[in-house]
1. Stretch Thr149-Met109 to full length: gain in nm at 0.36 nm per residue minus the Cα-Cα span?
2. Any idea what diffusion coefficient the stretch 1-48 gets from Stokes-Einstein, in µm²/s, Kirkwood Rh on alpha carbon pairs, 4 °C, 1.567 mPa s?
3. For the chain, what is the Kirkwood hydrodynamic radius in Å, using each pair of distinct C-alpha atoms?
4. With charges only on Cβ, +1 for K and R and -1 for D and E, what is the dipole size of the stretch 1-130 about its Cα centre, in debye, rounded to 20?
5. Under 24 Å Cα-Cα from Lys51, which lysines qualify once same-chain neighbours fewer than 8 residues away are excluded?
6. Going highest first, how would you order 31-37, 72-78 by mean Cβ packing within 10 Å?
7. With a Förster radius of 41 Å, plug the Cβ-Cβ distance of Ser43 and Arg172 into 1/(1 + (r/R0)^6) and report the FRET value to the nearest 0.05.
8. Determine, for Met30, Met139, the number of other Cβ atoms within 10 Å of each Cβ, and report the residues in order from fewest to most.
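No value in this document is a laboratory result; all are computed from the given coordinates. Fair warning: this is a prediction, and the values are worked out from it, not measured in the lab. No Cβ is skipped: glycine too gets one built from the backbone with ideal geometry, and neighbour counts run over all protein chains shown.
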Amino acid sequence: MSEIPRTRRDELLQAAAHLFARKGYHATSMQDIAEALDILRGSLYHHIESKEALLLELMERGVRGLLEEVLPVAEQDWPPEQKLAEIIRRTTVAIAEHADFMAVFLHEMKSVPPERRGPIDELRLQYEGLIRQVLEEGMQTGVFRRLDTQITLFGLLGMVSWTYRWYNPQGRLTPQQIGDIFVDMLLGGLLTNPEERTRLLASREHEA
């Protein structure tokens, strides 16, 4: 299969992500994608193996993008509350700014054959594991209240991930401002010391 310029491949992925997010994977045809790019349907197969291969690449891009936001924060020598606040902010911004990719990753796993899910699941578990590690560190050190870690993780991910469904780029709040609201809500329920929540928010406002 011949290589194409990265910019053209990005156009292909963006078009496919947009259509899969709006119409669903199964309802989107290769003809739909070709028309969105203003090329012949047959030309697509010079660049991609199949629609399923395209779906897998989109999903991997989506989860890898989230992992790349979280990993540098998790590796910092910061207190857990600061790590978690930054993870929430970065994840919110990434999801809002790449909503089509996130929609495909979050809603089309059912369309991936079980035998092809391995690489995507591995990245997802690594991403979730980093956040779980921060939560456990905070609970073990007494910074966070002792809650069920898995349920806390699911609650955090569900709240932040759903941003792609309702975020409006022309709306009154930026992704960064939405992230700050999530930090306020989530840390307000987790921190054992309410004054620490105030300090975190104040430091963020000072940075802005």
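1. Gain on extension, Thr149 to Met109, equals 12.0 nm.
2. 119 µm²/s
3. By the Kirkwood definition, the hydrodynamic radius is 18.6 Å.
4. So the magnitude is around 320 debye.
5. Reachable lysines: Lys23, Lys110.
6. 31-37, 72-78
7. Once the sixth-power term is evaluated, E becomes 0.45.
8. The order, fewest Cβ neighbours first, is Met30, Met139.
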